Amino acid sequence: PPPPAPPNVPQLSRLADQVLTTRQRLLAHQEQAQCASCHRKIDPIGFGLENFNAAGKWRTTDHAGGKGKSGKTWTIDPSGALYKGPAFSDYHQLRDLIAEREEDFARGFTEHLIQYALGRAYGFTDEDLADAVVRSAKRSEYAVSEFVHALVQSQAFRTK
């Protein structure tokens with residue numbers, strides 16, 4: 001997960017009266033050096049998922065405005081590039097890029113699952129557990145049930 005924002009992160013109050021697309025707002029945020037270091041890593045995935053609204057419904061346009069501001073509708077641009085990685089033009093290409101990195105995805109999923117299941121932050125002491133869960137899940141072609149089964153059978157889970 002990304003680290004919390006530093007306490008000295010400036011607000012973008014200079015943009016408060018402007019109606020901007022999500023991409024424009026995030027790119028303006030990246031103008032600040034202390035913001036860019038994290039946002040260049042996390043924003044591209046968000047751009048690739050922007051076609052989904054908060055409820056998960058597919059959309060091709062977004063809208064902003066109201067309450068004294070003139071409204072604006074724009075076509076969503078879901079393109080981006082993974083940090084130090086390949087570019088994608090839309091959600092489907094992003095999905096395929098992630099699917100190609102099956103082991104990386106499995107490891108990230110496992111670390112978050114461990115954090116959730118143990119009710120605490122994932123730490124370096126959990127590396128062996130994560131390795132064991134990923135190995136077990138790999139034997140069953142990364143079935144989600146195998147991640148869960150391997151974790152709940154572990155000593156760490158049973159003694160939490």
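The values are calculated or read from the model by the stated rules, or taken from the named source; none is laboratory data. A quick note: this is a predicted structure, and the numbers were derived from the prediction, not measured. Glycine also receives a Cβ, built like all others from the backbone with ideal geometry; neighbour counts cover every protein chain displayed. Accessible surface areas use protein heavy atoms only, side chains included; no ligands, DNA or RNA. Shrake-Rupley method; radii C 1.70, N 1.55, O 1.52, S 1.80 Å.
Results, tabulated for the structure shown:
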item	result
Taking only Cα atoms of region 37-119, radius of gyration then Dmax in Å	16.0, 49
Helical contribution to [θ] at 222 nm, DSSP H n ≥ 4, -39,500 (n - 2.57), averaged over the chain, rounded to 500	-14500 deg cm²/dmol
Charge-dipole axis of region 61-124 as Lys and Arg at +1 and Asp and Glu at -1 on Cβ define it, positive-most pick from T73, H92, Q115	T73
Between helix 127-139 and the chain: long-axis angle, C-alpha atoms, 0 to 90°, nearest 10	80
Magnitude of the charge dipole, region 5-160, Cβ model with Lys/Arg +1 and Asp/Glu -1, debye to 20	580
Unit charges on C-beta of K, R, D, E only; dipole of region 37-91, Debye	220
Magnitude of the charge dipole, region 87-160, Cβ model with Lys/Arg +1 and Asp/Glu -1, debye to 20	400
Theoretical FRET efficiency, 1/(1+(r/R0)^6), r = Cβ-Cβ of N53 and I98, R0 22 Å, to 0.05	0.60
Exposure ranking of E103, E127 by accessible area [1.4 Å probe, largest first]	E103, E127
Per residue value of the accessible surface for the chain (all protein chains in place, 1.4 Å probe), Å²	66
Positive dipole terminus of region 12-160, leading residue within T22, L129, L49 (C-beta point charges)	T22
Accessible-area value, D128, 1.4 Å probe, nucleic acids and ligands omitted, Å²	120
Using alpha-carbon coordinates, inclination of helix 102-118 to the longest axis of the chain, degrees	80
Per-residue SASA entry for Y83, accessible area with 1.4 Å probe, Å² rounded to 10	90
Relative contact order (%) - criterion: Cα under 8 Å, at least six apart; region: region 22-160	14
Largest-first ordering by accessible area, 1.4 Å probe, given options L129, L49, L151	L49, L129, L151
Listed residues E111, E31 arranged by accessible area, highest first, probe 1.4 Å	E31, E111
Centre separation in Å (Cα based) which lies between region 17-93 and region 98-117	24
Rounded to the nearest 10 Å², the accessible area of K41 at probe 1.4 Å	100
